[in-house]
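Here's the structure we're looking at; comments come further down.
What follows is calculated from the coordinates using simple rules that are stated; it is not laboratory data. Please read these numbers as outputs of a predicted model, since none were measured by experiment. With ideal geometry, Cβ positions are generated from the backbone for all residues, glycine too; neighbour counts draw on all protein chains shown.
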């Protein structure tokens with residue numbers, strides 16, 4: 001197995017590209033895929049400040065590393081989810097990375113600051129933990145970006161994640177989610193732009209990137225996601241990809257090129273109808289946003305956040 | 001396990017309906033599902049003459065049987081595909097059914113009448129056998145219906161078939177196929193209507209229907225379909241259905257309710273642009289239709305059919 005670029009000994013192959021790479025050219029390949037995604041989907045403009053949602057896993061650390069190497073001003077935000085050892089270990093990987101690379105990190109602790117550790121919040125509200133977790137992340141990453149003056153939030157969703165979410169969305173023909181599924185969610189009143197620059201990289205590639213760049217990361221899946229359907233969809237897509245390399249990329253990018261726009265109009269109307277949450281000011285279809293309602297239901301007391309103010 | 005209707009001993013359960021049935025009520029359940037599909041999608045009007053595409057398999061024989069029991073004037077058309085023993089055995093099941101039930105059968109032999117037995121045609125044209133077979137069936141069922149004065153062609157595609165085709169179409173985001181995927185393809189100049197009345201029945205149900213109604217059928221899969229992607233998609237959907245009964249029906253009917261129309265316009269324009277084949281008169285986007293071209297490539301001689309004439 002030889003490197004596609006320099007013909008030296010390869011350390012990894014990428015079947016859907018029908019290619020193998022040595023260490024240096026694989027790192028370059030990953031950067032190039034991110035550069036192409038950013039360019040193609042117009043994710044970032046020169047000079048914009050990026051807030052990277054870091055979890056301590058391979059994807060978010062690889063994303064942060066690549067964005068900095070590509071020259072972006074990218075700082076991190078770690079959200080402590082209060083999921084026991086799993087969260088402690090995750091935080092340690094993030095702190096180690098920050099200490100070694102000398103990058104800037106913001107931090108929010110859900111349990112301490114909001115009384116909303118995910119296991120307790122899920123139990124108290126009878127919500128699925130992944131639902132309460134996703135909702136909290138979306139709300140707090142957006143809020144932190146506005147408060148600290150970032151133009152955009154970048155998340156580490158990779159090709160495997162996005163293809164699995166898409167499969168779930170088409171299996172249910174959930175037209176709202178299909179309209180919202182895009183690597184760029186544009187800014188709107190109360191929302192900064194959200195982007196997914198790893199959308200052209202598989203999770204095997206982001207893992208290999210971390211290993212080859214000497215980045216240690218949380219290897220375990222979140223214990224609360226066990227039995228989650230999303231992981232089942234990933235397995236099915238892996239079986240298809242194994243039989244026919246390139247299936248996942250064709251599925252996701254085919255949707256983005258030929259499917260997404262057919263579902264987008266419904267969502268634009270929905271977004272235009274949002275009004276500020278009477279408690280925290282975040283855009284919401286009702287009076288009080290889902291995050292503030294989650295807090296009330298989980299803690300029994302009123303939400304702690306004052307209305308958002310741009311720094 | 002008790003029958004949902006009469007509480008007598010059940011012979012089969014249908015997990016996605018969370019129900020079990022005795023023999024008589026299962027037969028009624030199948031008829032009811034077909035009746036509902038016909039009604040919901042407006043497949044057939046009273047008094048219309050139906051040509052059923054029969055292969056000798058469980059689906060087409062169950063379909064024919066149910067249509068006759070529901071009171072439709074439904075005759076069969078068997079197409080001899082020239083696939084060795086498989087075709088011989090299939091034809092025998094069709095003839096046995098016709099002899100026992102006293103129904104009317106038309107018959108066309110692809111090899112004898114067109115020099116187009118599927119294995120030879122696929123080899124000569126370097127086409128995948130399933131492609132050449134599907135193309136020939138669509139052409140000849142339509143032609144026979146027009147010539148013999150039928151209003152509509154009914155095929156035995158079931159829920160499993162349609163869900164697997166849909167999965168293939170969304171994995172590639174093939175917008176043309178997505179626009180055409182519907183249980184009713186309306187009539188148009190040169191085309192009779194095509195309908196799929198088994199779309200609400202799984203293949204396990206059509207098989208059980210045949211067993212319980214004493215209909216013998218060809219059990220083997222076509223030997224030429226081996227390794228075909230469609231069968232892989234069926235397996236994946238079976239895994240999902242096993243974990244979560246109702247997944248396939250939600251996928252297919254969700255698409256028909258909320259997805260299909262978004263892809264239909266492209267296809268209407270495409271269909272409006274068809275002109276008669278200069279050889280046989282069938283509608284085609286080019287000068288000569290794909291079936292006539294297949295004949296020329298497979299046999300080296302000009303197509304045998306004269307232009308279609310309505311009887």
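Each other copy places its own label point for residue B:84 at 5.9 nm from this one, sorted shortest first, where the point lies 7 Å along the Cα-to-beta carbon line.
Find the percent of Cα-Cα distances in the protein assembly as shown that exceed 49 Å, and round it to a whole number. The partial results should precede the final answer.
Details: 52148 of 193131 pairs.
Roughly 27 percent, once rounded to a whole number.
Label-point spacing for residue B:2 across the identical copies (point 7 Å from Cα in the Cβ direction), in nm and ascending order: 7.4.
Enumerate the residues in the range A:67-93 having an amide nitrogen under 11 Å from the point lying 7 Å beyond the Cα of residue A:99 toward its Cβ. What the label zone holds, given the 11 Å backbone N cut-off, is A:92-93.
Over what distance in Å are the Cα centres of the range A:272-296 and the range B:91-155 separated? Computed from Cα coordinates, the inter-centre distance equals 61 Å.
What list do you get for A:260, A:17 if you sort them by fewest beta carbons within 10 Å? Walk me through the numbers on the way to the answer.
Details: A:260 18, A:17 15.
In order of increasing Cβ crowding within 10 Å: A:17, A:260.
What are the nm distances, shortest first, from residue B:149 to its equivalents in the other copies, labels at 7 Å along Cα→Cβ? Nearest to farthest, the other copies are at 8.5 nm. Can you compute the modelled spin-label distance between residue B:264 and residue A:269, with each label point 7 Å from Cα toward Cβ, in nm? Taking the simple label geometry, residue B:264 and residue A:269 are separated by 1.7 nm.
Inter-label distance, residue B:257 to residue B:221: 3.1 nm, where each label sits 7 Å from its Cα along the C-beta direction. Quick one: if the Förster radius is 41 Å, what FRET efficiency do residue A:1 and residue A:49 give, using the C-beta to C-beta distance and rounding to 0.05? Plugging the Cβ-Cβ distance into 1/(1 + (r/R0)^6) gives 0.50.
Dividing the summed helix terms, -39500 (n - 2.57) for each DSSP H run of n ≥ 4, by the number of residues in chain B produces a 222 nm estimate of -15500 deg cm²/dmol to the nearest 500. Averaging the sequence gap over all C-alpha pairs within less than 8 Å and six or more residues apart, then dividing by the number of residues, gives the range A:50-132 a relative contact order of 27 percent.
Let me check against my output: what whole-number percent is the relative contact order of the range A:202-311, with C-alpha pairs under 8 Å and at least 6 apart? Each step should come with its number before you reach the end.
Working: 58 pairs, mean separation 12.7, N = 110.
The normalised contact order for the range A:202-311 reaches 12 percent.
Computed from the C-beta positions of residue B:89 and residue A:239 and an R0 of 41 Å, the FRET efficiency is 0.80 to the nearest 0.05.
Return A:284, A:275 ranked ascending by Cβ neighbour count within 10 Å, so the fewest neighbours appear first. Could you put the intermediate results ahead of the total?
Numbers: A:284 21, A:275 12.
Lowest to highest Cβ neighbour count: A:275, A:284.
Ordering A:293, B:69 by the number of other Cβ atoms within 10 Å of each residue's own Cβ, fewest first, gives B:69, A:293. Between the helical axis of B:84-101 and the longest alpha-carbon principal axis of chain B there is an angle of about 60 degrees.
Nearest 10 degrees, 0 to 90: what angle lies between the long axis of helix A:129-147 and the longest principal axis of chain A (Cα atoms)? Computed tilt is about 90 degrees. Quote the FRET efficiency, to the nearest 0.05, computed for residue A:19 versus residue A:302 with a Förster distance R0 of 45 Å and r equal to the Cβ-Cβ distance. In this case the efficiency is close to 0.20.
Could you tell me how many cubic angstrom of Cα convex hull volume the range B:106-198 has per residue? Spell out each step's value before the answer.
Working: hull volume 11.4 nm³, N = 93.
Dividing the Cα hull volume of the range B:106-198 by its residue count gives 123 Å³.
Across chain B, C-alpha contacts under 8 Å between residues 6 or more apart give a mean separation that, scaled by the residue count, equals a relative contact order of 21 percent. For chain A, the longest principal axis of the alpha carbon atoms and the long axis of helix A:58-69 meet at an angle near 80°.
Of all the C-alpha pairs in the range A:178-281, what % are more than 25 Å from each other? Percent of Cα pairs beyond 25 Å in the range A:178-281: 43.
In square nanometres and to one decimal, what's the mean projected area of the convex hull around the Cα atoms of chain A?
Values: hull surface 64.2 nm².
Projected area, direction-averaged: 16.1 nm².
Could you tell me whether the range B:55-213 comes out rounded, prolate or oblate from its Cα gyration tensor? Rule is a ≥ b ≥ c as square roots of the eigenvalues, rounded for a/c under 1.5, then prolate if a/b exceeds b/c, otherwise oblate.
Values: a/c = 1.33, a/b = 1.07, b/c = 1.24.
Rounded shape, in that the Cα axes give a/c under 1.5.
Give, to the nearest whole percent, the P(r) tail of the range A:178-239 beyond 17 angstrom, counting all Cα pairs. The calculated P(r) of the range A:178-239 puts 64 percent of pairs beyond 17 Å.
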